[in-house]
Amino acid sequence: MENKTKQRISYVPLEELDELMQAELHRCAQEGTPRPESSAVRAHAPNAFWAFADSWKALFHNGICDHAIKDLCRVYISRTVKCEFCGNQRSEKATTAGLIEQQYDDLLNFEKSELYDERQKAALAYTEAIAWRLQTDDAFWERLHSHFSEAELVELGCFVALTFGQQSWIQMLGIEHHQYLAGTSASMAPGYQTSDELQETKSSPEYWAAAKND
């Protein structure tokens, strides 16, 4: 079987980029979400680089919907499409807002879990329906409208669509953390802060994506 972990698109060397793109990559290394590796791939096409960076800033880092909810939805997509690169990152802003690591671990069981409030569950149900193209009914939309304004639903829907598309692509690329502007651990999940920790965690039978080899 062909090795699916081989990197398929190269990183653009930092010195080949203009000052603005270099600054954005340094920001990625120091602040994370996204980490610099995925941005260094997008740098092959500057229009794509900035289209994503600007959209991500507007929809994920800024906006009107709770940032912590958006990070739960982001990692739900990671678990759904098995994007390990994205799934092993955490938003420091979301952690500051009160999210705990156990909430990321139970995402695919969110409806039955006691780790989420009703607003978080509604957002995750919305994310699930988008990702899996589920049929929705009046009760589904009444649930959403009881927790979110229409503006919030538009923002969250656009954010989920953006991250679902990006992660579906990124999981094909074979990129890994600590390969570009290495030496920082910004936004890495516990157990992934260094290259050695990352490899040790991923070799564990409890690793969340271990089923990828089944």
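The values are calculated or read from the model by the stated rules, or taken from the named source; none is laboratory data. Because the structure is a prediction, the values reported are computed rather than measured. Cβ: placed from backbone, ideal geometry, glycine included. Neighbour counts: every protein chain shown.
Selection within segment 8-54: residues that are of a type in the set (V, I, T) and touching a residue at least 60 places away in the same chain (Cβ under 8 Å). The member of this set that is nearest to P190 (Cα to Cα) is T33. Hey, does segment 151-167 have a residue that's touching an Asp or Glu at 6+ places or on another chain (Cβ under 7 Å), in contact (Cβ under 8 Å) with a residue 12 or more places away in the chain and either assigned to a helix (DSSP H, G or I) or of a type in the set (A, V, I, L, M, F, W, C) (or both)? No, segment 151-167 has no match at all. Can you tell me which residues in segment 86-127 are crowded, with 18+ Cβ neighbours inside 10 Å and of a type in the set (S, T, N, Q)? Within segment 86-127, N88, Q89, S91, Q103, Q120, T127 meet the criteria. Scanning segment 91-105 for residues that are charged (D, E, K, R) and farther than 13 Å from W208 by Cβ yields a count of 2. Of all the numbered requirements in (1) touching a Ser or Thr at 6+ places or on another chain (Cβ under 7 Å); (2) not in a loop (DSSP other than H, G, I, E, B), H178 misses one, and that requirement is (2).
Check segment 183-205 and report whether any residue there is more than 27 Å from A123 (Cβ to Cβ), touching a residue at least 12 places away in the same chain (Cβ under 8 Å) and among the aromatic types (F, W, Y). Scanning segment 183-205, I find no residue that is more than 27 Å from A123 (Cβ to Cβ), touching a residue at least 12 places away in the same chain (Cβ under 8 Å) and among the aromatic types (F, W, Y), so the answer is no. In the set (1) touching a residue at least 24 places away in the same chain (Cβ under 8 Å); (2) farther than 23 Å from R27 by Cα, the condition left unmet by Q171 is number (2). Scanning segment 9-23 for residues that are surrounded by fewer than 19 Cβ atoms within 10 Å (Cβ to Cβ) and within 20 Å of the chain's Cα centre (by Cα) turns up just one, I9. Against the conditions (1) of a type in the set (A, V, I, L, M, F, W, C); (2) in contact with a Ser or Thr (Cβ under 6 Å, 6 or more places away or on another chain); (3) closer than 29 Å to A29 by Cα, F85 satisfies every one except (2). Confirm whether A58 is out of contact with any Cys (no Cβ under 6 Å at 6 or more places or on another chain), among the aliphatic types (A, V, I, L, M) and free of Cβ contacts under 8 Å to residues at least 60 places away in the same chain. Criteria met by A58.
The residues on offer are C73, C28, C83, and the sole one that is under 16 Å from Q120 (Cβ atoms), surrounded by 14 or more Cβ atoms within 10 Å (Cβ to Cβ) and modelled with pLDDT of 95 or more is C73. Among the residues of segment 181-211, those that are modelled with pLDDT of 95 or more and part of a helix (DSSP H, G or I) comprise S195, D196, E197, L198, Q199, E200, T201, K202.
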